[in-house]
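J.: Sharing a structure here in structure tokens format.
Nothing in this text is a laboratory measurement; each read-out follows from the coordinates by a stated rule. What you are looking at is a predicted structure, and each value in this text was computed from that prediction instead of being measured. Using ideal geometry, Cβ is built from the backbone for each residue, glycine included, and neighbour counts are taken over all protein chains shown.
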Amino acid sequence: RLSKKIEEILNFQVTKEAEAAQIYLSYGCWADSEGYGGIANFLFRHCQEERDHMMKVMQYIMERGGTVQIKAIKAPPANPKNLQECFEKTFKHEVDNTNAIYDIVNLAHEEKDWATYNFAQWFVKEQIEEEKLVMELLDKLKIAGGPNASNESLLTLDTQL
Ligand code: OFO
């Protein structure tokens, strides 16, 4: 059974994943309104992934006899100024989320809750992928010319995504 502290931190993560989904959703809408249909699609797909993460944590809490608390989620941040900022901010959100996962790992270790420790490892691995994905986006944007990228190269990037 989950301890109170573990239950709390996992519930915090449920909200965090929901917030991450909202961020991708809102950035996706922003990208679409800027004419980046491919990037919007990419961000919407990722929004769904974050919701899957939320469900995964939620299900784990229930399986372990805990109580899930669905809480209010923060409004997503303001729209980015451009693609560079969009990807940079996305990367920051992912790093922030990685740290939240590490908090779970640390607490599980401290409490010798090996089931939660093991459960959290899936997220540790997943975060490597998530950070890598956004870093690749930033790399691609850099190749396209970064903040000075031409419309043509942005269009190519958008089509790729
Ligand atoms: Fe983007 O990550 Fe969820 O956990």
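J.: How many angstrom separate the Cα center of region 81-96 from the Cα center of region 7-66?
T.: If we compute the Cα centre of each part, the gap is 15 Å.
J.: To continue, here is another question. At Val95 and Met62, where each label point lies 7 Å from the Cα along Cα→Cβ, what is the point-to-point distance in nanometres?
T.: Roughly 3.6 nm, to one decimal.
J.: Let me ask something additional. Among Gln84, Asn99, Thr67, which residue has its Cα furthest toward the positive end of the charge dipole of region 59-101, with +1 on Lys/Arg Cβ and -1 on Asp/Glu Cβ?
T.: The one lying farthest along the dipole's positive direction is Thr67.
J.: Can you work out the FRET efficiency for the pair Tyr102 and Asp32, with r the C-beta to C-beta distance and R0 = 35 Å, to the nearest 0.05?
T.: Rounded to the nearest 0.05, the efficiency is 0.60.
J.: Near Glu34, within a Cβ-to-Cβ distance under 14 Å, what is the net charge of the other residues, with Lys and Arg +1 and Asp and Glu -1?
T.: Its environment carries a net charge of -2.
J.: Given an 8 Å cut-off on Cα distances and at least 6 residues of separation, report the relative contact order of the chain as a percent.
T.: 27 percent
J.: Given Cβ point charges of +1 (Lys, Arg) and -1 (Asp, Glu) and nothing else, what value in debye, to the nearest 20, does the dipole of region 43-161 about its Cα centre take?
T.: So the dipole magnitude of region 43-161 works out to roughly 260 debye.
J.: Calculate the spin-label point distance for Ser153 paired with Arg45, positioning each point 7 Å from the Cα along the beta-carbon direction, and give it in nanometres.
T.: 2.3 nm
J.: Can you list which of the DSSP-assigned H helices in the chain have a Cα extent of 27 Å or more along the long axis and an average Kyte-Doolittle score of at least -1.0?
T.: Qualifying helices: 4-33, 37-63, 83-110, 114-144.
J.: Once you have the Cα-Cα distance between Asp52 and Glu85, take 0.36 nm times their residue separation minus that, and quote the gain in nm to one decimal.
T.: So the chain would gain 9.3 nm between Asp52 and Glu85.
J.: Given points 7 Å out from each Cα along the Cα-Cβ axis, report the Ala115 to Gln160 separation in nanometres with one decimal.
T.: 4.5 nm
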